[in-house]
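The values are calculated or read from the model by the stated rules, or taken from the named source; none is laboratory data. Everything quoted here is computed from the prediction, not taken from an experiment. In this analysis, Cβ positions are derived from the backbone assuming ideal geometry, glycine residues included, and neighbour counts consider all displayed protein chains.
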Amino acid sequence: MPPISTLIQKAIAVVSTEGIGGIRGRLVSSSRRRRENRLYRRWIRDRERVATQQDADALGSGPLISILLPVYDVEPQYLRSCIDSVIGQRYRNWELCIADDRSTRKDIAPLLGAYEAADDRVKVIFREENGHISAASNTALEMASGEFCVLLDHDDLLAADALYWVARTLNKHPEAGLIFSDEDLIDGSGRRFAPKFKPDLSRDLMLSLNQVTHLSAFRTELIRDVGGFRIGYEGSQDHDLSLRILERLDDDKVIHIPRVLYHWRVLPSSVASDLNAKPYALDNARRAIADHLERTSRAATVEAAYGGLHRVRYSASGDEPTFALIHSDRGPAELNDAAAAAKGEVLVFLDPSLRKNLPDAIRELVLIAAAPGVGAAGGKIVDGKGRTVGGALFAGVDGAAAIAHYGYYRHEPGNMFRNRLIGNFSAVSIRSMAIRRDVFLSVGGFDAETFSTGLFDVDLCLRLGERGLRIVHDPHAEFSGEDLGRMISSTDDSIRAFEKRWGRFKYKDPFYNPAFDRSGRLDIDPTPRS
């Protein structure tokens, strides 16, 4: 446990930036994490299914997968565990490409040499000079002859069936360019904890943190086409690589495997232990994000955000878009009429009872809604106690839809930090929604006939998503408002209509991990499933 003086300094820093609510949020979040870890232990015991050797053999030879492993001065016991996790893979068609970055430890070279001599799938190069992580990763990449490359850190572990699931996914999605999985942390005693149950690809979340991280598998040709790992982006070289590759891939070429296939080793020097362990990595991540924004011609800047992560601020490339404010406390037919009569370029539907920083929050949503590729943008609504009571929505859970992070305090990170960071969801609430007027009219507005009694906002967002437009939730656009309850306002008729049109979301909202129960509360469900 850190010294009392260190804890006091951290508390003062939190209060100075977030107020006393920041302390409350951290205390509640700590309690929530303890509960999550208890549920996760049950999930591992009762629900996690590891593929068998028979499963892997049934795939046949499958594609060759290259594992890129840069090594530098790692403790030998951790390096052995790391390499052994590759040797023990159920799926056997792999090669391990190890680049030692001129380690100063004398016990590294013989250890690597022994593995290379024992298994011809292990290839080792000892670099003549230390070039840091990007250069070493590029050296490993030069050795790769596989169709896909998996990235592995020298003290982490692959789950025994990790490569099996990559190969199986490639059989099902042969055109995939990037594959990623869920992950967790592991301590020195082998205890697994702090799972990251991720949504499917969230392009806007990728501008706040590296959602892909581990396990990540990239088509080798793509890595080489974009120039490999960039020198000068050390500590965030994987994030930078992912952003450059994502620029070349449509969403259907990016596949998320909702299984925990990678275990990050928790060490004092690792980012898995503390995001601030490598401060240069945070600066390099912001540079990588800024480069991506420039390459994709978006008028935006990137700055530091919660927990050493990042926030993109959009601006107008010319004159700021005009907007029309429409009170959202009426039915969909009336809202359609108001939208048709509105003169602004962006429609802002807003619950008239909302308050606090309205001009700033509205402007933020308008600028996001006007950005290329965005269908709709929504803010976060908190009650008088600072708890989330509206904003982003999950589709197909808790009946038809559920409020994301309902009841979480504003300063709690939530799942994948999405209660604090800009990211994508399937829908946002009509209580605070911004959408370009031309986009709204192009899809026919709200379906007032089918969803006259509720869920018309969810239906609109899902139709926008079908057109390839992103639904963006921005928790920085915060409003204060009344808690209308966890349940989304709807009737039996609207729920039946939703299930008829959007029944597939009952089983798979791409932004809601199947490890969670179906209540929408983001609780891990340890119940065994067939």
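Count of segment 116-138 residues, restricted to those that are of a type outside the set (Gly, Ala, Ser), part of a helix (DSSP H, G or I) and closer than 19 Å to residue 82 by Cα, is 2.
Would you confirm, using the coordinates I've provided, whether residue 219 is at pLDDT 95 or above, farther than 30 Å from residue 392 by Cβ and not hydrophobic (A, V, I, L, M, F, W, C)? Criteria met by residue 219.
Considering segment 146-222, the qualifying strands (runs of 3 or more DSSP E), each wholly inside and each with 1 or more residues that are polar (S, T, N, Q) and either crowded, with 22+ Cβ neighbours inside 10 Å or in contact with a His (Cβ under 9 Å, 6 or more places away or on another chain) (or both), run over 178-186, 216-219.
Looking at segment 417-473 only, could you name the residues that are acidic (Asp, Glu) and either assigned to a helix (DSSP H, G or I) or in contact with a Pro (Cβ under 8 Å, 6 or more places away or on another chain) (or both)? Result: 438, 447, 457, 459, 466.
Rundown of residues vs (1) crowded, with 17+ Cβ neighbours inside 10 Å; (2) free of Cβ contacts under 8 Å to residues at least 24 places away in the same chain; (3) small (Gly, Ala, Ser); (4) not assigned by TED's automatic domain parsing to the domain that holds residue 42, yes/no style:
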position	(1), (2), (3), (4)
493	no, no, no, yes
496	no, yes, no, yes
499	no, no, no, yes
502	yes, no, no, yes
511	yes, no, no, yes
515	yes, no, yes, yes
520	yes, no, yes, yes
524	yes, no, no, yes
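Of the residues 150, 86, 71, 50, the single one that is more than 30 Å from residue 240 (Cα to Cα), under 28 Å from the mean Cα position of the chain (by Cα) and not basic (Lys, Arg) is 50.
Any residue in segment 262-286 that's within 12 Å of residue 153 (Cβ to Cβ) and loosely packed, with under 15 Cβ neighbours inside 10 Å: show its pairings with residues that are basic (Lys, Arg) and at pLDDT 55 or above at Cβ separation under 9 Å, as long as the two are six or more apart or on different chains. Note: pairs meeting the criteria are 269/278. Is there a residue in segment 329-336 that is charged (D, E, K, R) and either surrounded by 17 or more Cβ atoms within 10 Å (Cβ to Cβ) or closer than 22 Å to residue 144 by Cα (or both)? Within segment 329-336, not a single residue is charged (D, E, K, R) and either surrounded by 17 or more Cβ atoms within 10 Å (Cβ to Cβ) or closer than 22 Å to residue 144 by Cα (or both).
Checking each residue in segment 275-315 for being within 29 Å of residue 185 (Cβ to Cβ) and over 20 Å from the mean Cα position of the chain (by Cα) picks out 277, 278, 279, 280.
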